[in-house]
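Notes follow once the structure below has been shown.
The values are calculated or read from the model by the stated rules, or taken from the named source; none is laboratory data. These numbers were taken from a predicted model, which means no experiment stands behind them. Cβ placement follows ideal geometry from the backbone for every residue including glycine, while neighbour counts extend to all protein chains displayed. Side chains included, ligands, DNA and RNA excluded: accessible areas come from the protein's heavy atoms. Shrake-Rupley method; radii C 1.70, N 1.55, O 1.52, S 1.80 Å.
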Amino acid sequence: MLARLSRGPASVSELAKPLAMSLPAVLQHLQALEGSGLVRSEKKGRVRTVRLEPGVLSQAEQWLTDRRNEWEAHADRLEDYLETMRQEET
């Protein structure tokens, strides 16, 4: 759903069409996404249109980048330590 919404707003029925799940399951999923702030929906007449909230995705991307950098630094320190231990053994 998020991949589809990255191309622009879509109706709930458009989002549900390619998925192998019931419409109530799609609505439940969209409700969770909306609750997390990742998407926003609005209803005009009988059509509910859903769109991404790009600012929230940017924040999530930054958080992931920060965690990745932390773990890479941990791995680098471990590699340095193991190399030191190997050198001390020889």
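Below, the figures for the structure above:
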quantity: Selected residue (criterion: farthest from GLY35 (Cα to Cα)) from residues of the range 45-90 that are β-branched (Val, Ile, Thr) and either open to solvent by less than 100 Å² (accessible area, probe 1.4 Å) or part of a helix (DSSP H, G or I) (or both); calculated: THR84
quantity: Residues (of a type in the set (S, T, N, Q) and open to solvent by 80 Å² or more (accessible area, probe 1.4 Å)) located in the range 14-44; calculated: GLN28, GLN31
quantity: Qualifying position, being in contact (Cβ under 8 Å) with a residue 40 or more places away in the chain and charged (D, E, K, R), among ARG51, ARG46, ARG40; calculated: ARG51
quantity: Pairs, first touching a residue at least 24 places away in the same chain (Cβ under 8 Å) in the range 6-27, second open to solvent by 90 Å² or more (accessible area, probe 1.4 Å), C-beta under 6 Å, six or more apart; calculated: VAL12/ARG48
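This table checks each residue for (1) at pLDDT below 95; (2) among the charged types (D, E, K, R).
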residue	(1), (2)
ALA3	yes, no
SER6	yes, no
LEU19	yes, no
GLN31	no, no
ARG40	no, yes
GLY45	no, no
GLU61	yes, yes
THR65	no, no
ARG77	no, yes
